[in-house]
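A short worksheet on the structure shown next.
The values are calculated or read from the model by the stated rules, or taken from the named source; none is laboratory data. Not measured: the values here are computed from a predicted model. As a convention, Cβ positions derive from the backbone with ideal geometry for all residues, glycine included, and neighbour counts pool all protein chains shown. Quick note on the areas: whole protein, heavy atoms, side chains included, nothing else; ligands and nucleic acids left out. Shrake-Rupley method; radii C 1.70, N 1.55, O 1.52, S 1.80 Å.
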Amino acid sequence: MKEFAIYTGLRAALFAVCFAVLWFALNNWLSIFPLLLIALIVSSILSIFVLRAARDRLAGSIEQRAARIAQRMEAARRAEDDD
């Protein structure tokens, strides 16, 4: 769960930085809604490259958790079959 919070926070921070840069650069030419959309698109593209390590850690923790759950389910199934 910690990795999820870190990754989500990093995504939000990256969006905020993109929005701030666009706000200062394009504030005179565009209203807020197009700036938000552009910042969302740019931050999404950047997150693919910039946040790769954090995303890999998140995927690893999800995979470990899924493996633990699968082991518990298998153990419960075996215990039920033994009864």
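With a 1.4 Å probe and all protein chains left in place, how much accessible area per residue does the chain have, in Å²?
I get 78 Å² per residue for this part.
Can you give me the angle between helix 52-82 and the longest principal axis of the chain, using Cα atoms only, in degrees from 0 to 90, rounded to the nearest 10? Helix 52-82 sits roughly 20 degrees off the main axis of the chain. On the beta carbon distance between Phe24 and Ile62, with R0 = 41 Å, the FRET formula returns roughly 0.65.
Toward the positive end of the charge dipole of the chain, with +1 on the Cβ of Lys and Arg and -1 on the Cβ of Asp and Glu, the farthest Cα among Val21, Ala66, Val42 is that of Val21.
The angle between the Cα long axis of helix 2-26 and the main principal axis of the chain comes to about 10°, on a 0 to 90 degree scale.
Share of segment 1-80's accessible area from carbon and sulfur, percent, 1.4 Å?
70
Here segment 1-19 is scanned for amide nitrogen atoms under 16 Å from the site 7 Å beyond the Cα of Ile32 along Cα-to-Cβ, giving 16, 19. Loop-located chymotrypsin sites (Phe, Trp or Tyr not before Pro) across segment 1-61 with a Cβ neighbour count of 14 or fewer within 10 Å are Trp29, with loop assigned by DSSP. Along each principal axis, taking the top coordinate minus the bottom one, the Cα set of the chain gives 73, 22, 17 Å in descending order.
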